[in-house]
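Read-outs throughout are calculated quantities, based only on the coordinates presented, and are distinct from any laboratory measurement. The structure displayed is predicted, hence computed values, not measured ones. Cβ placement follows ideal geometry from the backbone for every residue including glycine, while neighbour counts extend to all protein chains displayed.
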């Protein structure tokens, strides 16, 4: 299947219409060199139609050391959430992404993206899929950044909800983010 045909098919996806309002939001390009895989669009992203167009995106761009223009440049970054639609709100945050989205579309998209030099894995749902249900928790995997770079890196979600984790793990921004910025600067135009 051609890339544009696959992209159009996903934009019209309604696999989850019984449990949510389908509004697939993702950013892909066969030219992208960095792939960000995360959870699912949040409410603000669902409304704007632009991934990481919120406080999480501001922090992520700061972590990466890139401008908004560089971040949204198709030759630099692709963004594939584990679910392409906002899953709705639960008591402690957003609902988990429905698994059917990733199991239906992820491999098909990844096969078309042959220029990826770095995959940035954000959060538990992306970890479970892209690292095949790792035994370690997120913090342990983030600490192992040297085992993953230069082709992958595991990051916590950049959400303001993770401020407690960030304050308890000062090493993350001092050490890991410095290495991530260096790697991204080798790739980004």
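What to note about this one:
- In the elastic network of the chain, a GNM with C-alpha springs shorter than 10 Å, the most mobile of 70, 144, 136 is 136.
- Ranking of 89, 72 by neighbouring Cβ atoms within 10 Å, starting from the fewest: 89, 72.
- Summary value for region 39-122: 32 percent relative contact order, contacts being C-alpha pairs under 8 angstrom separated by 6+ residues.
- Rounded, prolate or oblate (a/c below 1.5 giving rounded, otherwise prolate when a/b exceeds b/c) for region 89-189 by Cα gyration tensor: oblate
- With a Förster radius of 35 Å applied to the C-beta separation of residue 9 and residue 164, the computed FRET efficiency comes to 0.30.
- Across the chain, the mean sequence separation of Cα contacts (distance under 8 Å, 6 or more residues apart), normalised by length, yields a relative contact order of 27 percent.
- Relative contact order of region 10-59, taken over Cα pairs closer than 8 Å and 6 or more residues apart, is 27 percent.
- Chain lengthening between residue 128 and residue 47 when straightened (0.36 nm per residue, less Cα-Cα): 26.4 nm
- In a fully extended conformation the segment linking residue 67 and residue 31 would gain 11.1 nm over its present Cα-Cα distance, using 0.36 nm per residue.
- Sequence of 68, 61 once ranked by neighbouring C-beta atoms within 10 Å, starting from the fewest: 68, 61
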